[in-house]
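Notes to accompany the following structure.
The values are calculated or read from the model by the stated rules, or taken from the named source; none is laboratory data. This one's a predicted model, so the numbers in the text were calculated from it and none came from an experiment. Note that each Cβ is placed from the backbone with ideal geometry, even for glycine, and that neighbours are counted across all protein chains shown. Accessible surface areas use protein heavy atoms only, side chains included; no ligands, DNA or RNA. Shrake-Rupley method; radii C 1.70, N 1.55, O 1.52, S 1.80 Å.
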Amino acid sequence: MTDYTIFYTDDDEDDLSIFADAVESIPQNIKLQTYSGGDKLLNAIFNPPPKPYVVFLDLNMPGKNGFDVLEELRNSDYKKDIPVVIYSTSSEPGIIEKCRSLGANAFITKPVLMSDIIKSIEHALQIEWDKFVPTKSNFVFKF
C-alpha cells in the first residue's frame, strides 16, 4: 500500500477540520499536513521533509492567496513539479481558466457533502501526477 502525504492550505479552520475528517475516513495511509495560509504552506514546501504527493490549495486567503502561492511554486525550479489541486468555493470559468494558465494541475469546487469531499481526495490520490497532463476536459473534477 502506498503512503501519501497531502498538504492542504485554507484560512478557514472549519474547512481544514472537515478535510481532515474526510482524510481519516479514507482507508489508505495518508499523512495530512494542514496550513492556515499561503506563507506557511510555502515555508513547509521549501523546507522539507515531508514532500507532498499533492497540494490542495484554497484561493481566497488573506496575505498570500492561492494565486500567489501557485505562481511562486511554478516559478521555482526546485518545486515547480509538485501537483497542485485548486480547492475553492469558486466555480467561475474565468477563475478556473486562470488557475489552469498559472499551472495548477486540477480544480475542484469545494463539495458540500462529506462523501463528495472523500471522493475528491481519493480522485487526487489515484492520479499519476508525473504522467498527468491537464487539459480543458480533465482539469475540473466534477461529481
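Given the condition within 17 Å of Phe46 (Cβ to Cβ) and either surrounded by fewer than 18 Cβ atoms within 10 Å (Cβ to Cβ) or aliphatic (A, V, I, L, M) (or both), answer yes or no: does some residue in region 84-91 qualify?
Yes: region 84-91 contains one or more residues that are within 17 Å of Phe46 (Cβ to Cβ) and either surrounded by fewer than 18 Cβ atoms within 10 Å (Cβ to Cβ) or aliphatic (A, V, I, L, M) (or both).
So which residues in region 63-78 are open to solvent by 20 Å² or more (accessible area, probe 1.4 Å) and outside any loop (DSSP other than H, G, I, E, B), if there are any at all?
Phe67, Asp68, Glu71, Glu72, Arg74
Could you list, in sequence order, all residues of region 106-127 that are part of a helix (DSSP H, G or I) and either β-branched (Val, Ile, Thr) or over 19 Å from Thr5 (Cβ atoms) (or both)? So that I can check it myself, show each step before the final result.
Taking region 106-127 first, the residues part of a helix (DSSP H, G or I) are 114-126.
Answer for region 106-127, where residues must be part of a helix (DSSP H, G or I) and either β-branched (Val, Ile, Thr) or over 19 Å from Thr5 (Cβ atoms) (or both): Met114, Ser115, Asp116, Ile117, Ile118, Lys119, Ile121.
Out of the residues in region 65-119 that are more than 23 Å from Ser36 (Cβ to Cβ) and among the hydroxyl-bearing types (Ser, Thr, Tyr), state the one that is modelled with the lowest pLDDT.
Tyr78
Any chance you could count how many residues in region 20-62 are assigned to a loop (DSSP other than H, G, I, E, B), over 25 Å from Asp116 (Cα atoms) and open to solvent by 70 Å² or more (accessible area, probe 1.4 Å)?
Counting residues in region 20-62 that are assigned to a loop (DSSP other than H, G, I, E, B), over 25 Å from Asp116 (Cα atoms) and open to solvent by 70 Å² or more (accessible area, probe 1.4 Å) gives 4.
Taking into account only those residues within region 91-105 that are assigned to a loop (DSSP other than H, G, I, E, B) and more than 15 Å from Lys80 (Cβ to Cβ), which is nearest to the chain's Cα centre (by Cα)?
Narrowing region 91-105 to residues assigned to a loop (DSSP other than H, G, I, E, B): 91-92, 103-105.
Pick out the ones that are also more than 15 Å from Lys80 (Cβ to Cβ) and you get 91-92.
Working: Ser91: 15, Glu92: 18 Å.
Checking each candidate, the answer is Ser91.
Taking region 63-109 only, how many residues are touching a residue at least 60 places away in the same chain (Cβ under 8 Å) and among the hydroxyl-bearing types (Ser, Thr, Tyr)?
Count: 1.
Six or more apart or on different chains, Cβ under 8 Å: which pairs go from a residue in region 131-143 that's in contact (Cβ under 8 Å) with a residue 40 or more places away in the chain and part of a loop (DSSP other than H, G, I, E, B) to one that's open to solvent by less than 100 Å² (accessible area, probe 1.4 Å) and basic (Lys, Arg)? Could you list them?
Taking only residues 6 or more apart or on different chains, the pairs are Phe139/Arg100.
Looking at the structure I just gave you, is Asp11 open to solvent by 10 Å² or more (accessible area, probe 1.4 Å), farther than 22 Å from Phe132 by Cβ, touching a Pro at 6+ places or on another chain (Cβ under 9 Å) and not in a strand (DSSP E or B)?
In short, yes.
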